[in-house]
Structures are given as C-alpha cells and as structure tokens.
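Presented below is the structure to which this report refers.
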Amino acid sequence: MNIPETQYARNGNMHIAYQVIGEGRFDLLFVHGWISHIEHLWEEPSIARFFRRLASFSRLILLDKRGTGLSDPVPLNQLPTLEERMDDVRAVLDAAGCERAALIGTSEAGALNLLFAASHPDRTIALILLNSYARLAWGEDYPFGMRRDQAEGLLELVDREWGKGVAFEALVASQVDNQVMRDWWRRYQRLAASPGAAVTLLRSAFETDARGVLNTIRVPTLILHRVGDPFTGPEHGRYLAEHIEGARYVELSGRDHLFFAEDADRLIAEIQEFLTGVREPAEPECVLATILFVDIVGSTERAAELGDRRWRELLDRYYVAVRRELARFRGREIATAGDGVFATFDGPARAIRCASAATEAVRRLGIEIRAGLHTGECEVIGDNISGIAVHTAARVAGQAGANEVVVSSTVKDLVAGSAIKFRDIGSRPLKGVPGDWRLFAVQGHAV
C-alpha cells in the first residue's frame, strides 16, 4: 500500500491537508494530538504499519489541523478555536466524500473530537479516544490535571529545545534507546510546527476544558488509556468513561503517551473489535516474505573520514532515502542496526525494484550500498520476524559488491516473466546456512 496523496480541503480561505487510504466499508477519521505532519508520519515504520492496519478494515482519513504540518499556517495570535477546528474537520469530511465517520482522537485531539461528536451526531458513527482527556490542567474539581508550575516548566522546555527531540522520553518511553526513532522525532517536530506554534498550541491545550459536552455525547464511545502514561495518567481516561453515557473503558499496560510504538497490535485489536465486532489476529504465526538486507559499503572508513557529526547527518539522509523507496514499493521496515536496514515485502519483484531504486537514490548522496534478497517462510514474533530465511537473506547480502543487488535462486525463479534481468554469479556456501546456494546479480536498473 503506497503512501496516500495529500489533498486539500477548503474552509473559507484556509486549506486543510488530508489523505485518504483504504477501501473499507466505513470511514475512519484519525486526528493526531498537538502537532502533526501527515507525510512525515509515514517515514516512521511503526506509524505506517499502524495506519495500514486501520486502513485494512476502513477507509482511513488523516488530516493536519490548521496551523500545523501541511495545512495553512496561521499567526500565533490567531490560532484556531475548537469551533474553527471542528469546521475544518467537517470541511475535510465533505472534501473526502464522507457523510459519516468514526472518529479517533489522540491526546489533545480528544477535546476536538468530543465537541464534534456532540455537535454533529448525525455525522459521527462512533468515538474513540486514545490516551486523551477533556481537560489537561489541574483544578480543584479536577485534581489529577497538570499543575500550573509543571505546565509552565514544560512550555519553557518546549520553547528552548524544540526540534531537538524534546519530550521524546515522556511521550515514547518504551523507545528511549531507539536512536533512529529519536532522530525521526526531531525532524518531525521541525516539520510539524515552529517553536512558537508548538508552545502556543500546547498552552491552548492547558486552557481547554471540554467537560461540559461529555454528558451530551450519544454515540458509541471507546476510551483506551495506558496505565503508565506519564503525561496524562489513566485518571483522565477514567473520568471520560464515568461522564460519557455508555462509554467502554479499556485500560492497557504500558507507559507510552503516543499511540504507535508500544503494543500497537493490542490497540488496533480493540479498535477493530469495537468498530466491526471482529478481533482478528495481528499477524499469522508464519508468513512467506521476501527479505531485504541493505548496508553501506566501506561505512567504517567513511565515518572516520567525515567525523561523527557529518557522518550522522549523512546517515540521516541515507535512512530517509531508503525509507522513501520502502514506502514506494510497499516494503515494511523491520529493524535498523548501524547503517544496515532489514525489511520485508509480500512480493519479490517489488523487493528487487526497491533495492535497485534505493541503490540509485543513495548514490546521489555519494553513498554505495550492497543489497541481498531471499524469499522464504518466516516466523512472526510481534513486530519482528525470524527464521532460517532471514539468516539466508543476510548471508546473500554479504555476497554483494558495491552498488550490487544479489538474490537467491528462489527469488529469481519467483519473478520469471517480470523482465528483470540477472547475471549468474555461481554457487556459493553461505556461512551458517546448509548447502551451496546459486546466486544471481540484478542487471541494469530494475525499477
């Protein structure tokens, strides 16, 4: 499934960016909290997987709220009210040809979705709130909110450290050691909002109180909250459940405030069952996949030549280029290590074309890579895969030279008739893999 095209809905003189993906029997509008950039979201594999899973049973609609991401910017003293944002949601639904939708809101977007569901029940199928709240600030009648001194400290930190990955540890606590995701988060901040907009939007969240609409909501409501969320504790979710008639509350283990990294399969299973009545397994225990391994040729020498800072910057551009091709050819990133990328595909021809396209893309950065591919049955373990097929693909990659894509005979045989050309490089032993393996190098540009 390719990254969807970004389109624009018009609300007065404002343009609101949105995307549509999937062909399910009902529409599902996903509104991200605080800030967003709907194109850069897809650069993070765990988010792309989350959205694709949602789109497997719905027609998923994503948007950037006014003043964030790809939607029109607004002056800091004219950031939109909840009512204006609600009108933007309505404009996006109209532009997408959607009469009624289920609404998902994370974090700060909860208040917006609460207001929309209360004001437009005729256009709301259901309401789902993820680690969300009706009010964020402390009050005598809301003792689990954030106190003013804590809020001001957070606002000062955001203002001072914006674009450097501020709040990553609090928002995605399960990924504190994931340097690739941390680097993505830094760039995401810079693309989604300016420092001034980020602070002003967060301050607005502290001033918002949507509790007054809770008892007017009459649509089916699911509230999902992680018990260890350090930003908005589960008391916020419990409050919503107590004050929305008939709401279903599910408390999940975990400590991430954001939705996509920690036990995302459980979240999706709860959402799917609530909306469709069916809870499907996240993945089969074993799948047939084409496995791609890519790494940089001469990376150690290049790192020594450039120095740490310039090498890190080059690696960032390298990962962006490779991930762009993975998204283009429907690959799924499994892991990265150093300068290596490990990904899977549901079709070998797309995998070969992706490897060839990635080789060309990074050459423009002055980088040479080698790539190896093998197709086989893999064991699924959460978001990861393992098995002899994975080891085989890694060993095949080790047989490739600079700017070369090497495949096993299994891959070659599966793409017969595809017009992809190969050069026989003979049979070779692969360390740790039984027998000799007939290998082939891809000839020319296979895209």
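Laid out as a table, the results:
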item	result
Amide H partners (placed H, <5 Å) of TRP437, local residues excluded	ARG428, LEU430
Shape category assigned to the stretch 77-131 from the gyration tensor of Cα positions, a/c cut at 1.5	oblate
Environment charge at TRP162 (Cβ cut-off 10 Å; Lys +1, Arg +1, Asp -1, Glu -1)	+2
Antiparallel bridges, percent of DSSP beta bridges restricted to the chain (to nearest 5)	60 percent
Kirkwood Rh in Å, taken over the chain so that all alpha-carbon pairs contribute	23.4 Å
Whole-percent carbon and sulfur share, accessible surface of the stretch 106-169, 1.4 Å	48 percent
Radius 12 Å from Cβ of LEU60, net charge of other residues (Lys, Arg +1; Asp, Glu -1)	+1
Relative intensity, log₁₀ I(q)/I(0), of the stretch 250-359 from a Debye sum that treats every alpha carbon as a point, q = 0.11, 0.23 Å⁻¹	-0.53, -1.18
Over the chain, relative contact order from alpha-carbon pairs under 8 Å, at least 6 apart, %	12 percent
Solvent exposure of the chain as accessible area per residue, Å², 1.4 Å probe	42 Å²
Tail weight of P(r) past 21 Å, computed on alpha-carbon pairs of the stretch 89-203, percent	53 percent
The stretch 324-447: radius of gyration over Cα atoms, expressed as a fraction of 2.2 N^0.38 Å	0.99
Per residue Cα convex hull volume in Å³ - calculated over the stretch 187-300	204 Å³
Heavy-atom SASA rank of CYS286, CYS98 (probe 1.4 Å, accessible area, largest first)	CYS286, CYS98
Long-range HN-HN contacts of ARG135 with modeled amide H, under 5 Å	ALA210
With every protein chain in place, the stretch 293-423: carbon and sulfur % of accessible area (1.4 Å)	46 percent
Residues whose placed amide H lies under 5 Å from that of LEU252, excluding near-sequence neighbours	HIS225, ARG226, VAL227
Charged-residue dipole, Cβ positions (Lys, Arg, Asp, Glu), the stretch 387-428 about Cα centre, Debye nearest 20	40 debye
For the chain, size of Cβ-based charge dipole, Lys and Arg +1, Asp and Glu -1, in debye	1260 debye
Using distinct alpha-carbon pairs, which all enter the 1/r mean, Kirkwood radius of the stretch 189-232 in Å	13.7 Å
Mean shadow area of the stretch 33-88 over all directions, Cα convex hull, nm²	4.5 nm²
Rel. contact order, % - alpha carbon contacts under 8 angstrom, at least six apart, the stretch 52-188	13 percent
Distance histogram for the stretch 2-54 (every C-alpha pair counted, 10 angstrom bins, percent rounded to whole numbers)	20, 55, 23, 3
Accessible area of the stretch 20-89 belonging to carbon and sulfur atoms, whole % at 1.4 Å probe	47 percent
Proximal charge balance of SER408 [Cβ under 10 Å; K/R count +1, D/E count -1]	+2
Helix-derived mean residue ellipticity, 222 nm - over the chain, DSSP H n ≥ 4, -39500 (n - 2.57), to 500	-11500 deg cm²/dmol
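The values are calculated or read from the model by the stated rules, or taken from the named source; none is laboratory data. Source: prediction; values computed, not measured. As a convention, Cβ positions derive from the backbone with ideal geometry for all residues, glycine included, and neighbour counts pool all protein chains shown. Areas reflect the complete protein model, heavy atoms only, side chains present, ligands, DNA and RNA absent. Shrake-Rupley method; radii C 1.70, N 1.55, O 1.52, S 1.80 Å.
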